[in-house]
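See below for the structure under consideration.
Bear in mind these aren't lab numbers, they're just calculated from the coordinates by the rules spelled out. This structure is a prediction, so every number in the text was calculated from the model and none was measured. Cβ sites come from the backbone with ideal geometry, for glycine too, and all protein chains shown count toward neighbours.
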Amino acid sequence: MKLSDRQLLALALYGEARGEITEGKIAVGSVILERVKLNKWYGQGLQGVILKPWQFSCFNESDPNYQKLLHIAEQWDEEMALNSALNDCYGIAAGLLDGTISPNMTATHYHTVQADSKWDDRMTLVATIGRHEFFI
């Protein structure tokens, strides 16, 4: 995938949270930026964090979103012209990266409310926004 940081963050928001309200999309972006800031095992830099295997399900090859995201990445300009949800995610990504939108939490993990995770019992739930729960 040859995308800028802004495009890749937008694609991650689209894949993980396109059906959420703005606050939920910002929260998912905030988790990604928190992982970048912490510079731990999450990966190095924005692209390293987002594309680290098994961290964001939409980028797992077995995920139903994966092929759709590859298509969007390959046809970026056409998708931006036609896809209002992608445009919304791009605007949020741009704002988070240029500082015009402030992160709304310092969580490092999230999952959907219906997910049965093996890791969340070791963490503290800090927010539920839409269909996602956020943890530190």
Pick out, from segment 26-133, the helices (runs of 4 or more DSSP H) lying fully within it that include 1 or more residues that are closer than 12 Å to Leu9 by Cα.
45-51, 64-74, 84-98
Across segment 96-136, the tally of residues that are without any contact (Cβ under 8 Å) to a residue 60 or more places away in the chain, of a type in the set (S, T, N, Q) and in contact with a Ser or Thr (Cβ under 7 Å, 6 or more places away or on another chain) stands at 0
Would you check which residues across segment 45-86 are of a type in the set (Gly, Ala, Ser) and under 21 Å from His111 (Cα atoms) and list them?
Gly48, Ser57, Ser62, Ala85
Take the residues of segment 46-62 that are free of Cβ contacts under 8 Å to residues at least 24 places away in the same chain and more than 11 Å from the chain's Cα centre (by Cα): which is farthest from Ser4 (Cα to Cα)?
Ser62
Given the condition polar (S, T, N, Q) and farther than 14 Å from Leu96 by Cβ, answer yes or no: does some residue in segment 13-33 qualify?
no
